[in-house]
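Before I ask anything, here is the structure I am working with.
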Amino acid sequence: MDNEVSMTHPAPTPSRALATEAVHAGRDDLASLGLHAPPIDLSTTYPSHDSRGEAMRIDAFATTGARPDGPPVYARLDNPTTGRFETALARLERTESAVAFASGMAALTAVLLARASQGLRHVVAVRPLYGCSDHLLGTGLLGTEVTWTDPAGIADAIRPDTGLVMVETPANPTLAEVDIRAVAHACGTVPLLVDNTFATPVLQRPVEHGARIVLHSATKYLGGHGDVMGGVVACDEEFAATLRQVRFATGGVLHPLAGYLLLRGLSTLPVRVRAASTSAAELVRRLTADPRIARVHYPRIGGAMISFEVYGDPHRVISGVRLITPAVSLGSVDSLIQHPASISHRIVAEGDRRASGVGDRLLRMSVGLEDVEDLWADLCQALSDGPLPSVRPAGRTLQPSNGPTPAGR
Ligand SMILES: *Cc1c(COP(=O)(O)O)cnc(C)c1O
C-alpha cells in the first residue's frame, strides 16, 4: 500500500504523443509494482500507529492542499486509484494537475466555491452552457452572481470582484464555438474556465490557448461507456490545491471504482473520439443535403456531437428511432439523441433558451461507434415518420456554429 501511494506521482517523462499518454499516463509505476492493470484501492481509512505523523500530514493538507505524501489518512482527502485518473487527465490536457469530483456539476460547484472563498463571487458567462451549469449560475444557489454576455462583451462585463469567466466550446447543445485565445485575452488576469466536455483533449486543449481552468463532465467522453458518473477540473497546481481543500470540506469525491473506470476510459479516448467523429461528419454531410432538415450545426473542430433542426415534429424523431437511444447524456459508445428544449435545457427559462439558439425544433445527437450506414438508416426512418415539408425554403445550408443561431423556425 505504501508503495502504491508513494509511486502515484512519477516524475513526468518528456512529452509523449496524446495516444501514448492515453494508455500510459497514470500507470508509469505499474511495472515496478509488478502489475499490469492498475490496482483499485477501496479503503475509506488508512491505519497508522503514528498519530503525530498523521497530525503533521493533516496540517500539511490543511495549509497547502497538496496531495498527501504517503497514505491519505481518510478517503475524502485523497485516493490513489482516483489519483491515477487525475494524473492521466492532467497529462492529456497538458496541465500541472487535475482534481476529480463525483460529477461534472460537483466539479463546477467546487470551482465556484473556491473563487467565492477568495471573495470573488461574480462570474461572467457566455450562453449557451449545459442546462444545469446555466441553472447553477443563474439561480445564485452558491452565493455567486452571474453576468451573461457574448464573447465580445466579456472585457466590459468584468468587475473588481469577478472571479471567473466561463465558456463552453463547442457549446451544449448548439455546438457554437468560442475563440478561446481571443476570450482569454479579454479576461486579463481573471481566470478563464473552458468546459471541454464536448471537444475532449483529443480535439482541443484549452490551456494551450490561454484558458486557466478546464472542466469536464467525465460522465461523457472520458468514461465513454455510459456507466460511470464523474467530473474533473484540470488546472495549475496552485488552484488544484484549493480545489482539493474544497473537495475535502464539501465531500464531492469521486468513488475509486469510478476513478478506475475513468482511467480505463481514457485509454481508448483518442480512438473512440476519432472514429465517432468520422461517422458524425458523414451524417452531417447527408443531413445537410436532406430536404427534411432545416439546418445542421457542426463545429469547425469536428467531433462526435451534431445537432440539427427539423421542419417536422422533433418529438416524432425521438419516438421513431430504433437503433439510436432516445436519452439525455452523450459520449457513450452507442448513439444517443434528445430534444434539448424538453430535456437537457428544460431548466433554462424559455426566453433565455431561445435567445441562445436552443430552438424548439433542435435535436442533439451524440454519435457513437455503430456503423454509419445503420445510423443513417435509423435516422432516415425516424425522419420519415414526420411530415415532409410542403415547401422547401431556399438558403438551407450547413451552418458553421460560430455563434448563437436563430431560434427554431
Ligand atoms: C453533462 C454536462 C455537464 C454536467 O456533468 P454531470 O457529470 O452530469 O454532472 C457539464 N457540462 C457539460 C457540457 C455537460 O454535457
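The values are calculated or read from the model by the stated rules, or taken from the named source; none is laboratory data. Being a predicted model, the structure only gives us computed values, none of them experimental. Every residue, glycine as well, gets a Cβ built from its backbone with ideal geometry; the counts of neighbours run over all protein chains shown.
Can you give me the number of residues within the range 235-262 that are away from the ligand (no atom under 13 Å from the Cβ) and assigned to a helix (DSSP H, G or I)?
19
Rundown of residues vs (1) within 16 Å of the ligand (Cβ to nearest atom); (2) hydroxyl-bearing (Ser, Thr, Tyr); (3) within 14 Å of the chain's Cα centre (by Cα); (4) under 19 Å from Val232 (Cα atoms), yes/no style:
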site: Glu93; (1), (2), (3), (4): yes, no, yes, yes
site: Ser97; (1), (2), (3), (4): no, yes, no, yes
site: Ser103; (1), (2), (3), (4): yes, yes, yes, yes
site: Gln118; (1), (2), (3), (4): no, no, no, no
site: His122; (1), (2), (3), (4): no, no, no, no
site: Arg127; (1), (2), (3), (4): yes, no, no, no
site: Gly131; (1), (2), (3), (4): yes, no, yes, yes
site: Leu141; (1), (2), (3), (4): yes, no, no, no
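Conditions first: (1) at pLDDT 95 or above; (2) in a loop (DSSP other than H, G, I, E, B). Asp156 passes all but one, so which condition is the exception?
Exception for Asp156: condition (2).
Based on what the data block shows, is Arg274 more than 30 Å from Thr81 (Cα to Cα) and surrounded by fewer than 23 Cβ atoms within 10 Å (Cβ to Cβ)?
no
Which residues, counting only those in the range 315-333, are touching a residue at least 40 places away in the same chain (Cβ under 8 Å) and either under 22 Å from Asn196 (Cβ atoms) or in contact with a Pro (Cβ under 6 Å, 6 or more places away or on another chain) (or both)?
Ile318, Ser329, Leu330, Gly331, Ser332, Val333
Sticking with this structure for a sec: Restricting to the range 207-234, count the residues that are within 16 Å of the ligand (Cβ to nearest atom), touching a residue at least 40 places away in the same chain (Cβ under 8 Å) and out of contact with any Pro (no Cβ under 7 Å at 6 or more places or on another chain).
18
Take the residues of the range 10-38 that are small (Gly, Ala, Ser) and surrounded by 15 or more Cβ atoms within 10 Å (Cβ to Cβ): which is nearest to Gln245 (Cα to Cα)?
The qualifying residue nearest to Gln245 (Cα to Cα) is Gly26.
Let me ask another. Output the residues belonging to the range 199-240 that are out of contact with any Phe, Trp or Tyr (no Cβ under 9 Å at 6 or more places or on another chain), small (Gly, Ala, Ser) and farther than 22 Å from Ile337 by Cβ.
Listed by number, the residues that qualify are Gly210, Ala211, Ala234, Ala240.
Looking only at the range 38-76, which residues are aromatic (Phe, Trp, Tyr) and outside any loop (DSSP other than H, G, I, E, B)?
Scanning the range 38-76 gives Phe61, Tyr74.
Quick one: in the range 177-206, of everything that is of a type in the set (Gly, Ala, Ser) and more than 16 Å from the ligand (Cβ to nearest atom), which residue is surrounded by the fewest Cβ atoms within 10 Å (Cβ to Cβ)?
Gly188
Run Thr189 past the list (1) assigned to a loop (DSSP other than H, G, I, E, B); (2) touching a residue at least 12 places away in the same chain (Cβ under 8 Å) and report the number of the one that doesn't hold.
With (1) assigned to a loop (DSSP other than H, G, I, E, B); (2) touching a residue at least 12 places away in the same chain (Cβ under 8 Å) applied to Thr189, the lone miss is (2).
Another question about this same structure. Select from the range 39-57 the residues that are more than 30 Å from the chain's Cα centre (by Cα) and surrounded by 15 or more Cβ atoms within 10 Å (Cβ to Cβ) and write down the one among them that is modelled with the highest pLDDT.
So, considering only residues that are more than 30 Å from the chain's Cα centre (by Cα) and surrounded by 15 or more Cβ atoms within 10 Å (Cβ to Cβ), the one modelled with the highest pLDDT is Tyr46.
Counting just the residues of the range 343-360 that are among the small types (Gly, Ala, Ser) and within 22 Å of Leu283 (Cβ to Cβ), which one comes out nearest to the ligand (Cβ to nearest atom)?
The extreme case among them is Ser344.
Hey, another quick one. What tally of residues in the range 279-314 results from selecting those that are hydroxyl-bearing (Ser, Thr, Tyr) and either without any contact (Cβ under 8 Å) to a residue 60 or more places away in the chain or outside the structural domain of Asp374 (by TED's automatic domain parsing) (or both)?
Residues flagged as hydroxyl-bearing (Ser, Thr, Tyr) and either without any contact (Cβ under 8 Å) to a residue 60 or more places away in the chain or outside the structural domain of Asp374 (by TED's automatic domain parsing) (or both) within the range 279-314 amount to 0.
If Ser344 meets every condition in (1) among the polar types (S, T, N, Q); (2) over 22 Å from His216 (Cα atoms); (3) in contact with a strand residue (DSSP E or B) (Cβ under 7 Å, 6 or more places away or on another chain) apart from one, which number is that one?
The one condition Ser344 does not meet is (2).
Yes/no per residue for (1) touching a strand residue (DSSP E or B) at 6+ places or on another chain (Cβ under 8 Å); (2) touching a residue at least 24 places away in the same chain (Cβ under 8 Å); (3) assigned by TED's automatic domain parsing to the domain that holds Asp236:
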| site | (1), (2), (3) |
| --- | --- |
| Leu33 | no, yes, yes |
| Ile58 | no, no, yes |
| Gly65 | no, yes, yes |
| Tyr74 | yes, yes, yes |
| Thr87 | yes, yes, yes |
| Arg91 | no, yes, yes |
| Arg115 | yes, yes, yes |
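Filter the range 106-140 down to the residues that are part of a helix (DSSP H, G or I) and of a type outside the set (Gly, Ala, Ser) and list them by number.
Leu108, Thr109, Val111, Leu112, Leu113, Arg115, Cys132, Asp134, His135, Leu136, Leu137, Thr139
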